[in-house]
Amino acid sequence: MNLTRRDFLKAFGLSAAALGLGAKFPAAPLALAPKRAPIVPHGGNAMLMDTTKCVGCKSCQLACKKKNGLPIDDQPVSLCATALCYVDMKNVSPDPSKPVIQPIKRQCMNCNDPACVSACTVGALQKLSTGPVVYDSNRCIGCRYCMYACPFGIPTFEWDKQFSLMKKCNQCADLQAAGQLPACAKACPTGAIQYGRRDDLLTIARQRINDPQGKYVKHIYGETEVGGTSMLYLAAVPFQALGLPALPDVSPAEASQMIMHSTPLVAATVATVLTGLYFVTRRLTAQPTTVPVHPHIGGH
Amino acid sequence: MIPQPLIDAVIVLALFILRIGLPLGLLMSIGYWLQRKLRPEDFESATTFDGKLTWRKRLGREINALPAWFPIVAMLMAIGAGAGVYRLAAGLGASTNLSQAYPWGLWIGFDLFMVAFSGGAFTLAAIVYVLNMRQFHAAIRPTVLTGLLGYASVLIILMMDLGRWDRFYHFIIYPNLNSALFEVSWCILLYTTVLVIEFMPVALERTRWERAKNLLRKLPVPLAIVGATLSSLHQSSLGTLFVIMSERVHPLWYTPIIPLLFFISSIAAGLAMVVAGGTLSYWVFKRSLSQELVGGLGKFIPWVLGVYAVIKLGELVYIGETGMIFSSGVYSALFLTEMIVGVLIPIVLFALRGCRASRAWSLVGAVTVLFGILLNRFDVAWFTLKPVPGYTYFPSLIEILIQIGVFAAIVFVYTLVGHYLPLFEGLAPVEQTPEPNVFRPEHAY
Ligand code: SF4
Ligand code: SF4
Ligand code: SF4
């Protein structure tokens, strides 16, 4: 659906004069907008989770809570403001009487072309060239647009507070900058989470899925989804069964930004057309040149 | 076996009655009772008093001169304000039913349709000042006021919706030009300013500030052009909001050209508001445009809705999703209701000369347009979002009370302005022998 719709948008480009939809307009003031992911050549840093190696011990979830100063005594049932990393115990068996549990660690995918960054009203979200999508809690106004924009439904919200802010994982951007491992990758006892350069991880992942004896689904989730993500997954069962949505290869931000960038063109066109109409119709209706304002104004 | 969609519909209906109808009815009856208490006979007899009025009696008389619904509306507004204070003090989680899967709800739906309904202000200003159809001029003042109140209420509700409402000004100092919500906020702010300036003549008319009045006399045409430009930007970028939500909005509604659809339908909604306002102000305030002119505005509606329908359905044909129109269960029902009640019926009605000549039928036609667009905005923002297992959304009592309070505030201010300011000047009582008008101050005493 999305691809055809996007083609349609391009085909619709000729109506740019009507509302400027689809026209890529190089607007000068767009310097104010966050830059589009100037990723370093090797793809920045990333994490690879091999779900087949995960035993569901939830050490990563606990380490994440500790690292982010979140309460460790609750039992989250999904991603939430107190669990930015959540180990989801998925039943992947098609037969309800014989459940088969496959854990998967879920968190922000730190997309390469993040919809949340494009959507954020106040530019509180930013994609670093090294990989992480970071968040400035001093800017956020809590509008929750990012929650709807994110194709993975990742950003959470501090519903319980009087002044609520958005919360999400940023792949421990501070630890990464200090040359350390993200907390979850460090905590995992089985090596299910690997941290490194994105292109190295893709090479490792490709070796695993191409292994003839391998049990893997032949797809690296996150390699191309919504323009690629800094979180990669391998699995032995279909990714949708693990709760990872099937997504197109382009970010939802693309169509939206295409339209947003046409704004100056739309404004100029509408204003010009209206001004033209004013002079044409004034001539046609042969009205006096002064504008007859309300007769009662100042009529004392 | 009863089909599941039917059961769903019945449950939603029951919820609406229980959660919205009941509290509203209860509040209205208390208000009615209070109003009877507030307007005892001795306020009347106070007029024969020896000229010295206590403030209490004076206030009583002023209230007495206002229309009967005023105290009810004032009370609903006060309750809404109380609920608003509770929301700000308690936080979003405690006061709303919003959740991880439904971070936006009733309030955003309200913002969407209220902005569309307020489209009358830019449409009419463009018709009168840009297209030079000055015959519609007399309807400008009430329409601009409706628009102004609509946008002001949207600003209040938007503020209620922010997790950090104390930082509402951040969108001014931290711009993100890629964000549709950024553009919406800016345009609404600027356009509300335009509306305030457009409304100034009414506020200043009875003052002696001649310089300001002279300045305002030069402004209508540029203001109409700026206002229509800003409106075309934010009416459409309210649609752009949903372009990024390709994974959540149902394919029948999701399209990258949703901004265009929002913009065109806002023109239809705006025209319908002016037409409905024509009949309502005729009935309630005994003043209105002549039905000939109201019908003249109604003539535009089939054209605008026609363009809307062609683009909306044309896009589905182009994509090849026409089959979904009939095969998507509840979604089909919603889509067809929108298209039949909100588009087809008004096109037919306003194409008929008999309908345009009748105040009552024009009102019916206008209400169907407004209903269709209201449903469309709620469909996009709420009803057709892909369900997330384990989550449902229905607004909480606080959300509803704040919403009702905002509606009440609109009626409250409108009544006051109509009572004390020259809002209906130029709108002569038409097609009827003039009656004493409760809205003219000289009749208030
Ligand atoms: S997963 Fe969602 S929240 Fe995380 S970077 Fe991507 S769009 Fe943003
Ligand atoms: S909730 Fe905060 S981070 Fe998310 S879009 Fe709004 S301002 Fe940006
Ligand atoms: S720490 Fe490793 S093994 Fe344990 S739940 Fe997390 S990913 Fe799985």
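The values are calculated or read from the model by the stated rules, or taken from the named source; none is laboratory data. Note that the structure is predicted; figures quoted are calculated from it, not measured. Cβ sites come from the backbone with ideal geometry, for glycine too, and all protein chains shown count toward neighbours. All accessible areas refer to the heavy atoms of the entire protein, side chains included, with ligands and DNA or RNA removed. Shrake-Rupley method; radii C 1.70, N 1.55, O 1.52, S 1.80 Å.
State whether the residues of the range B:164-185 include one that is touching an Asp or Glu at 6+ places or on another chain (Cβ under 9 Å), facing chain A (nearest Cβ under 8 Å), on the phi < 0 side of the Ramachandran plot and assigned to a helix (DSSP H, G or I).
no
May I ask you to list the residues in the range A:69-99 that are more than 13 Å from ligand 3 (Cβ to nearest atom), open to solvent by 60 Å² or more (accessible area, probe 1.4 Å) and within 22 Å of A:G153 (Cα to Cα)?
Passing the criteria: A:Q75, A:V77, A:N91.
Looking at this structure, is B:A46 over 24 Å from B:V413 (Cβ atoms), open to solvent by less than 30 Å² (accessible area, probe 1.4 Å) and either modelled with pLDDT under 75 or within 23 Å of the chain's Cα centre (by Cα) (or both)?
The answer is yes for B:A46.
Rundown of residues vs (1) touching a strand residue (DSSP E or B) at 6+ places or on another chain (Cβ under 7 Å); (2) β-branched (V, I, T); (3) near ligand 1 (Cβ under 10 Å from one of its atoms), yes/no style:
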| residue | (1), (2), (3) |
| --- | --- |
| A:V92 | yes, yes, no |
| A:I104 | yes, yes, no |
| A:V117 | yes, yes, yes |
| A:A124 | yes, no, no |
| A:V133 | yes, yes, yes |
| A:S137 | no, no, no |
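Taking B:W253 and the conditions (1) surrounded by fewer than 24 Cβ atoms within 10 Å (Cβ to Cβ); (2) within 14 Å of chain A (Cβ to nearest Cβ); (3) modelled with pLDDT of 90 or more; (4) over 27 Å from B:Q100 (Cα atoms), which numbered condition does it fall short on, given that it satisfies the others?
(4) is the only condition that B:W253 fails.
Could you list all residues from the range B:165-197 that are within 12 Å of ligand 2 (Cβ to nearest atom) and crowded, with 21+ Cβ neighbours inside 10 Å?
Of everything in the range B:165-197, those that are within 12 Å of ligand 2 (Cβ to nearest atom) and crowded, with 21+ Cβ neighbours inside 10 Å turn out to be B:H170, B:F171, B:N176, B:N178, B:S179, B:A180, B:L181, B:F182, B:S185.
Among the residues of the range B:199-217, what is the count of those that are closer than 30 Å to B:I108 by Cβ and within 11 Å of chain A (Cβ to nearest Cβ)? Please lay out each step first, then the result.
Taking the range B:199-217 and keeping what is closer than 30 Å to B:I108 by Cβ, we get B:199.
Filter once more, keeping what is within 11 Å of chain A (Cβ to nearest Cβ): none.
So the count comes out to 0.
Filtering the range B:235-250 down to residues that are more than 17 Å from B:F182 (Cβ to Cβ) and touching a residue at least 40 places away in the same chain (Cβ under 8 Å), which residue is surrounded by the fewest Cβ atoms within 10 Å (Cβ to Cβ)? Working first, answer last.
Filtering the range B:235-250 for residues more than 17 Å from B:F182 (Cβ to Cβ) gives B:246-250.
With the extra rule that they be touching a residue at least 40 places away in the same chain (Cβ under 8 Å), the set shrinks to B:247-250.
Numbers: B:E247: 22, B:R248: 21, B:V249: 21, B:H250: 18.
In this case the residue turns out to be B:H250.
Is it true that A:Q102 is within 16 Å of ligand 3 (Cβ to nearest atom), open to solvent by less than 10 Å² (accessible area, probe 1.4 Å), more than 9 Å from chain B (Cβ to nearest Cβ) and within 29 Å of A:T51 (Cβ to Cβ)?
no
Can you pull out the residues in the range A:226-237 that are over 15 Å from A:D88 (Cα atoms) and surrounded by fewer than 21 Cβ atoms within 10 Å (Cβ to Cβ)?
A:G227, A:A236
Condition first: touching a residue at least 40 places away in the same chain (Cβ under 8 Å), under 18 Å from the mean Cα position of the chain (by Cα) and either under 22 Å from B:Q235 (Cβ atoms) or part of a helix (DSSP H, G or I) (or both). Now tell me which residues in the range A:234-275 satisfy that.
A:P252, A:A253, A:E254, A:A255, A:S256, A:Q257, A:M258, A:I259
Going through the range B:389-421 one residue at a time, which ones are of a type in the set (V, I, T) and within 24 Å of B:L18 (Cβ to Cβ)?
Within the range B:389-421, B:T392, B:I398, B:I400, B:I402, B:I404, B:V406 qualify.
Looking at the range B:389-414 only, could you name the residues that are touching a Lys or Arg at 6+ places or on another chain (Cβ under 9 Å) and among the hydrophobic types (A, V, I, L, M, F, W, C)? Steps first, answer last, please.
Restricting attention to the range B:389-414, the residues satisfying the condition of being touching a Lys or Arg at 6+ places or on another chain (Cβ under 9 Å) are B:394-400, B:402.
Hits for the range B:389-414 are B:F394, B:L397, B:I398, B:I400, B:I402.
Could you tell me how many of the residues in the range B:198-230 are among the β-branched types (V, I, T) and closer than 26 Å to B:A180 by Cα?
Of the residues in that region, 3 qualify.
Just one of B:S266, B:S232, B:S281, B:S288 is open to solvent by less than 10 Å² (accessible area, probe 1.4 Å), farther than 23 Å from B:A381 by Cα and touching a residue at least 12 places away in the same chain (Cβ under 8 Å); which is it?
Result: B:S288 is the single residue among B:S266, B:S232, B:S281, B:S288 that is open to solvent by less than 10 Å² (accessible area, probe 1.4 Å), farther than 23 Å from B:A381 by Cα and touching a residue at least 12 places away in the same chain (Cβ under 8 Å).
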